[in-house]
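Structure record follows, encoded as structure tokens.
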Amino acid sequence: MLHCEIMRMKTYYAVVGCVIAAEILCLGIAITTGNPVIPALLILAGIAVVWFAKRKVTDVMSDDLSDTIYGKAALNALIVTIIVAAILYAGAMTWYFNSGYGGGFHTFPNGSVSVGFATEAPFRQGDTWNYYLIPDPANMTGEDFWGLDLLFKNGHQAREFPLVFGIGMGFIVLLLTALYAAFSYYYTRKYEE
């Protein structure tokens, strides 16, 4: 399909549709396997296929009206993306800085100890507690030490996720805003001359 010298618009849109379907499949593979490398390479290959296909189209691809429509659509999509990312940033940072964690333990008459670790969230009633029971604290096993390590590690990870997510959303807001400003400046200078 791509090897021909000419390509009609319908064929081009069919190629774009196939590439989008493949990209969605690649995203699913990345999520289920936890391997983002192969899908990232396939996404780059999809971009190359669409670029190559667009170069082969012989029909009129755009005019002033379609350029205006696509420009407005792209600008509105960018604005909505920035606003949503800014809201997610604010929410994640509020969550992180208004939540906390703590711990405690309880001894039982038979000598066993229950160690607890809590993560507190600002918009929930109560805390999320996780516990680990040490049956014989005087003779702790490796399994007991491993259990305590997991107890505190998982508790800290649950609290740190909003911070990492919020920093990522803040970075996306700054990046998209800077790109918009840079391209606006570039095209303003280009077309004013």
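The values are calculated or read from the model by the stated rules, or taken from the named source; none is laboratory data. Keep in mind the model is a prediction, meaning the values are calculated, not measured. So basically every Cβ, Gly included, is an ideal-geometry build from the backbone, and we count neighbours across all protein chains shown.
Of the conditions (1) surrounded by 14 or more Cβ atoms within 10 Å (Cβ to Cβ); (2) modelled with pLDDT under 85; (3) assigned to a strand (DSSP E or B), Phe105 clears all except one; give me its number.
If we test Phe105 against (1) surrounded by 14 or more Cβ atoms within 10 Å (Cβ to Cβ); (2) modelled with pLDDT under 85; (3) assigned to a strand (DSSP E or B), just (1) comes out false.
Go through (1) under 18 Å from the mean Cα position of the chain (by Cα); (2) modelled with pLDDT under 80 one by one and return the number of the condition Leu78 breaks.
(2)
If you check Gly71 against the conditions, is it in a helix (DSSP H, G or I) and surrounded by fewer than 12 Cβ atoms within 10 Å (Cβ to Cβ)? Write out each step before concluding.
Working: in a helix (DSSP H, G or I): yes; surrounded by fewer than 12 Cβ atoms within 10 Å (Cβ to Cβ): yes.
So Gly71 passes the test.
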